[in-house]
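The values are calculated or read from the model by the stated rules, or taken from the named source; none is laboratory data. This structure is a prediction, so every number in the text was calculated from the model and none was measured. Methodologically, a virtual Cβ is constructed for each residue, glycine included, from the backbone with ideal geometry; neighbour enumeration extends over all protein chains shown.
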Amino acid sequence: MKTIALRGRAYPTDLNHSGTVFGGWIMAKMDKAASIAVEDIIISPAVTVSVSDLHFLKPIRNGDIVTIYTQIIDIGRTSIKVDVSVQVKCKVSRQEYEVTNAVFTFVSVNENGKSVPVKDVIRDDADKYVKDLLD
């Protein structure tokens, strides 16, 4: 199930010399949103291990309202894949459109940083859809 994980606005301090948002700025926001989605389903810490299929489709400009959507798409033995989609509402035209998307992969870990099986740390209140993804 796709959910809103983060929402905010792009400000002048987020922009590069061309007047658009830095790619690293939006990637950091996407990683944060994906981590929230992961925390919603497991009780242990998790770390980002990869980002794949990252696509910058359109620029984000000063004043655009940024909404980041996440969806858990796969759960492996110790890993969780999160589809992340970024939409903006343009400050000028008020139109909404997708600007960036990617898949973030996390690994669940214990307090020593060793990977742990997701099924051992799944939250009791995790949505049925997510539990159905368990191997």
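Some observations on this one:
- Residue within region 90-105 that is buried (at least 17 other Cβ atoms within 10 Å of the Cβ), in a strand (DSSP E or B) and among the small types (Gly, Ala, Ser) present: yes
- Matching residues, region 118-130, being basic (Lys, Arg) and either loosely packed, with under 14 Cβ neighbours inside 10 Å or part of a loop (DSSP other than H, G, I, E, B) (or both): Arg123, Lys128
- Looking only at residues in region 54-74 that are within 19 Å of Leu133 (Cα to Cα) and β-branched (Val, Ile, Thr), the one that is farthest from the chain's Cα centre (by Cα) is Ile73.
- Residue-level check: of (1) surrounded by fewer than 17 Cβ atoms within 10 Å (Cβ to Cβ); (2) within 28 Å of Arg9 (Cβ to Cβ); (3) of a type in the set (Ser, Thr, Tyr), Ser115 misses just (2).
- Cβ-Cβ under 9 Å pairs, at least 6 apart or on other chains, region 30-47 side in contact (Cβ under 8 Å) with a residue 60 or more places away in the chain, far side charged (D, E, K, R) and part of a strand (DSSP E or B): Ala34/Asp83
- Residue check, Lys89 charged (D, E, K, R) and over 15 Å from Ile42 (Cβ atoms): yes
- Residue within region 20-37 that is in contact with a helix residue (DSSP H, G or I) (Cβ under 8 Å, 6 or more places away or on another chain), of a type in the set (A, V, I, L, M) and within 24 Å of Val130 (Cα to Cα) present: no
- Residue list for region 28-74, restricted to those being part of a loop (DSSP other than H, G, I, E, B) and closer than 15 Å to Lys2 by Cβ: Asp40, Ile41
- For region 1-38, filtered to residues that are of a type in the set (D, E, K, R), within 13 Å of the chain's Cα centre (by Cα) and modelled with pLDDT of 95 or more, the residue that is nearest to Val92 (Cα to Cα) is Arg7.
- Residue in region 9-60 that is surrounded by the most Cβ atoms within 10 Å (Cβ to Cβ), counting only those that are touching a Leu at 6+ places or on another chain (Cβ under 8 Å) and over 23 Å from Glu111 (Cα atoms): Val21
- Scanning region 61-74 for residues that are over 29 Å from Ala126 (Cα atoms) and surrounded by 19 or more Cβ atoms within 10 Å (Cβ to Cβ) turns up just one, Asp64.
- Check on Arg77, modelled with pLDDT of 95 or more, in a loop (DSSP other than H, G, I, E, B), over 12 Å from the mean Cα position of the chain (by Cα) and not aromatic (Phe, Trp, Tyr): yes
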